[in-house]
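Take a look at the structure below.
The values are calculated or read from the model by the stated rules, or taken from the named source; none is laboratory data. All of these numbers come straight from a predicted model, not from anything done at the bench. Using ideal geometry, Cβ is built from the backbone for each residue, glycine included, and neighbour counts are taken over all protein chains shown. To get the accessible areas, we keep the full protein, side chains included, count just its heavy atoms, and leave off ligands, DNA and RNA. Shrake-Rupley method; radii C 1.70, N 1.55, O 1.52, S 1.80 Å.
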Amino acid sequence: FSFRKLWAFTGPGFLMSIAYLDPGNIESDLQSGAVAGFKLLWVLMLATIIGLLLQRLAARLGVVTGLHLAEVCNRQYQKVPRIILWLMVELAIIGSDMQEVIGSAIAMNLLSVGKIPLWGGVLITIADTFVFLFLDKYGLRKLEALFGFLITIMALTFGYEYITVKPDQRKLLQGLFVPYCQDCGTPQLEQAVGIVGAVIMPHNMYLHSALVKSRQVNRANKREVREANKYFFIESCIALFVSFIINIFVVTVFAEAFYNKTNADVNNVCVNTSSPHSSLFPNNNQTLEVDIYKGGVVLGCYFGPAALYIWAIGILAAGQSSTMTGTYSGQFVMEGFLNLRWSRFARVLLTRSIAITPTLFVSIFQDVEHLTGMNDFLNVLMSLQLPFALIPVLTFTSLPSVMNDFANGL
């Protein structure tokens with residue numbers, strides 16, 4: 001084992017792990033904590049472990065074959081199933097893009113104390129994508145460092161909320177290692193399904209299998225291929241462990257502070273702290289329902305304005321960091337399935353326009369609740385798209401004709 005070699009292979013796994021930290025994930029986390037307390041932490045852990053195993057398969061496919069998943073699909077499938085697979089993955093990418101736009105727009109609205117309207121935040125996210133494309137010209141390694149910085153911001157901001165709220169550690173450990181959900185009903189079950197859809201992103205398999213190609217590996221040398229697989233797997237373990245800890249921060253903060261709270265409880269606290277957002281919570285005994293926007297507001301009411309702004313910075317980092325991974329995924333998928341060599345600029349313009357149009361209409365003609373409600377729908381969409389990514393990954397990595405001596409036994 002060599003730390004120098006691990007450092008050389010470090011990058012693709014952290015870019016991949018950003019999909020586990022996008023605004024859709026954060027929304028799923030906070031709702032899980034508010035609705036089920038600590039009871040669904042084991043679902044989050046199992047989903048992350050399964051995600052790690054699937055990412056490992058995707059990375060192995062790229063390392064061994066020198067082709068990413070979309071290119072292998074192009075070679076192995078007939079035209080009709082190939083087109084269907086491409087459309088399904090594009091749908092998942094657009095849905096993910098919408099979540100990034102929504103999260104970034106809400107974060108900008110919170111940070112500006114409402115001065116940047118939601119539709120303004122949506123429009124700003126058009127420009128920021130092209131800023132990332134500009135940075136990409138300086139090399140992938142520098143871009144990987146930038147995303148490492150954004151992940152660090154998320155760890156610090158959500159870690160601050162965790163330290164401020166001080167969740168019960170005994171309940172945290174019990175939630176992680178006791179796979180049971182006492183007194184749970186339909187709302188808790190919906191959250192459990194939402195966690196799986198939010199954590200395991202279908203297009204992320206295509207992304208990871210392509211990113212590993214950025215490292216030079218002599219595929220004629222089995223020892224080098226085996227070594228690359230090892231270091232990429234270690235890096236993926238580290239990256240997903242970091243993302244798992246950040247997700248735990250969010251779940252446990254809302255589990256400790258807002259589980260079983262009513263609208264009246266929050267309304268009283270917000271009124272007493274003279275919060276301008278107290279009208280968001282009607283003075284009734286209905287169970288509190290939170291989303292990315294309300295989550296920041298209630299943190300501000302209970303723990304001071306600093307908690308609100310730090311939360312918004314974390315959400316903005318999540319939205320911005322996941323922007324570029326969606327861009328990369330779209331490029332690899334289109335080139336692999338269709339052999340279309342569009343410029344990255346044209347590719348981003350197309351997918352971001354498709355993603356922004358419905359989001360912009362909702363932000364102009366509806367309120368923030370409808371905008372964040374789209375996140376729940378999009379998490380369900382992701383879970384429906386999963387088979388269209390998982391079946392090719394599981395199939396190809398078990399075929400000796402594709403993987404040679406590195407095919408899976410199962």
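Of all the Cα-Cα pairs you can form in region 10-167, what percent are over 22 Å apart? Before the final figure, lay out the partial values.
On the way: 7263 of 12403 pairs.
Tail of P(r) above 22 Å: 59 percent of Cα pairs.
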- line: Whole-percent carbon and sulfur contribution to the accessible surface of the chain (1.4 Å, no ligands, DNA or RNA) stands at 65 percent
task: Please sort through the DSSP H helices of the chain and keep those with an alpha-carbon extent of at least 30 Å along the long axis and a Kyte-Doolittle average not below 1.0.
output: 41-65, 79-111, 140-165, 344-365, 368-396
message: Give me the tail of P(r) for region 81-167 as a percent: Cα-Cα pairs with distance above 20 Å.
response: 58 percent
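Let me check I've understood the local charge: for residue 2, count other residues with C-beta under 12 angstrom from its C-beta, Lys and Arg +1, Asp and Glu -1. What total comes out?
Around residue 2, the charge tally is +2.
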task: Determine ³J(HN,Hα), in whole Hz, for all residues of region 277-283 in sequence, where each value follows from phi through the Karplus function 6.51 cos²θ - 1.76 cosθ + 1.60 and θ = phi - 60°; x replaces Gly and Pro.
output: 9, 4, 5, 5, 10, x, 7
- prompt: Where does region 3-406 land on the Kirkwood hydrodynamic radius, alpha-carbon pairs, in angstrom?
  reply: 21.5 Å
- request: Taking amide H positions as placed in the peptide plane 1.01 Å from N, state which residues far from residue 262 in sequence (5 or more) or on other chains have amide H under 5 Å from it.
  value: 288
message: Pairs of alpha-carbon atoms within less than 8 angstrom and 6+ residues apart define the contacts here; what relative contact order does the chain have, in percent?
response: 39 percent
message: Please report the net charge: other residues with Cβ closer than 11 Å to the Cβ of residue 60, K and R +1, D and E -1.
response: +3
message: Per residue, how much accessible surface does the chain expose to a 1.4 Å probe? Answer in Å², no decimals.
response: 42 Å²
query: Between their Cα atoms, which of 115/294; 166/294; 137/213; 5/213; 115/166 are more than 25 Å away from each other?
result: 115/166
- line: Answer in debye to the nearest 20: the dipole magnitude of region 3-406 about its Cα centre, from +1 Lys/Arg and -1 Asp/Glu charges placed on Cβ, is 1700 debye
